[in-house]
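Please read the structure below before turning to the comments.
The values are calculated or read from the model by the stated rules, or taken from the named source; none is laboratory data. This is a predicted model, so every value here is computed, not measured. Cβ coordinates were reconstructed from backbone atoms using ideal geometry, including for glycine residues, and neighbour counts include every protein chain displayed. Ligands, DNA and RNA are stripped out before the accessible areas are found, and what is left, the full protein with its side chains, is counted by its heavy atoms. Shrake-Rupley method; radii C 1.70, N 1.55, O 1.52, S 1.80 Å.
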Amino acid sequence: MMVGMGDNTAEDRLSRLRRREPPPLVPVEVIARDEVTPRLLRLTLEGDGIHEMHADPAASVRLLVPSPGSTELVMPTWDGNEFLLPGGERPALRTFTPLAADRPDRLDLGIVRHVGGVVSEWAEHVAVGAPAALSGPGRGFEWPDETTTFHLLGDETAVPAIGQLLTVLPRAAAITVHAEVEAQHAIRPLPDHPDVTVEWLLRDPTAPPGARLVAAATALPEIDPATHVWAAGEAASMQAIRKHLFDERELARFQATIRGYWKPERGRR
């Protein structure tokens with residue numbers, strides 16, 4: 001393969017480090033806000049570009065809301081690595097699993113309620129008609145055809161994606177679900193599946209988020225080539241699960257999908 005003369009310049013090296021630009025942000029409007037549980041809010045959003053965001057199960061969208069202390073929505077621009085506001089600040093932009101709504105120009109988002117989350121605090125007080133924006137869809141979940149067993153692990157932010165997966169994974173597959181929640185009232189029904197075992201794990205308030213998921217992953221039985229592990233939630237716990245599966249168990253990369261959804265030090269989700 002021939003290499004062009006400019007391929008070794010600093011500019012070219014920087015170009016290779018740049019991230020792929022995500023889909024553009026499109027304006028949407030809040031048309032409903034419902035309290036599902038004491039831990040969960042559901043927002044219904046409406047907009048012309050939403051019909052393109054209904055994608056594969058466990059896909060994602062990015063939600064942009066006004067910066068803290070403001071009701072004005074300012075659109076950021078992509079700088080080659082991330083979205084930034086005109087002054088160079090990071091916008092209030094977080095990732096969620098879109099849920100089906102009653103029309104193609106609408107979607108629902110489930111937002112976990114907690115102190116310190118920029119979108120959570122916005123959602124606590126948002127009024128119908130408030131502006132927001134969405135970018136998506138992000139990648140969904142694909143699994144090898146020969147997979148016969150699935151282990152799904154996630155915290156409250158991943159429960160919507162787990163629910164979607166239960167509706168599309170093979171009906172002949174055996175599935176285990178380990179879901180970590182903050183409190184008993186955060187537990188809610190999941191879609192039915194012919195062969196699913198669900199374990200709700202109450203978080204230990206003295207332990208880091210996701211600690212019980214890490215323990216559940218460590219306790220998984222032997223993972224054969226026809227098994228896939230899907231896990232999502234707080235980033236540090238997902239990194240621990242990734243290390244256990246890939247480094248300690250030496251699991252093949254195609255057998256696990258691990259996604260860090262949020263980081264507590266940044267008040268995410």
Which of the GluC sites (Glu not before Pro) found in the stretch 52-134 are loop residues per DSSP with 11 or fewer other Cβ atoms within 10 Å of their Cβ? 72, 89
Considering the alpha-carbon set of the stretch 182-237 alone, what are its Rg and its Dmax in angstrom? 13.2, 37
Antiparallel content of DSSP bridges confined to the chain, in %, to 5: 55 percent
Please report, largest first and rounded to whole Å, the three semi-axes of the ellipsoid equivalent to the stretch 116-233, where each semi-axis is the square root of five times an eigenvalue of the C-alpha gyration tensor. 28, 19, 13
Carbon + sulfur, % of accessible area of the chain - ligands and nucleic acids excluded, 1.4 Å: 52 percent
Using only the alpha-carbon atoms of the chain as identical scatterers, what base-10 log of I(q)/I(0) does the Debye formula give at q = 0.14 Å⁻¹? -1.05
For residue 115 and residue 139, what is the calculated FRET efficiency with R₀ set at 25 Å and r taken between the beta-carbons, to the nearest 0.05? 0.25
Sorted by accessible area with a 1.4 angstrom probe, largest first, how do 171, 253, 106, 259 fall? 253, 171, 106, 259
For the stretch 144-207, which GluC sites (Glu not before Pro) are in a loop by DSSP, counting at most 16 other Cβ atoms within 10 Å? 146
In Å², and per residue, what accessible area does the stretch 163-269 have when probed at 1.4 Å with the other protein chains present? 49 Å²
Given the options 127, 83, 157, identify the residue whose Cα lies farthest towards the positive end of the charge dipole of the stretch 77-207 (+1 on Cβ of Lys, Arg; -1 on Cβ of Asp, Glu). 127
Chain lengthening between residue 21 and residue 70 when straightened (0.36 nm per residue, less Cα-Cα): 15.0 nm
Between residue 148 and residue 36, how high is the FRET efficiency from 1/(1 + (r/R0)^6) when r is the Cβ-Cβ distance and R₀ = 35 Å? Nearest 0.05. 0.60
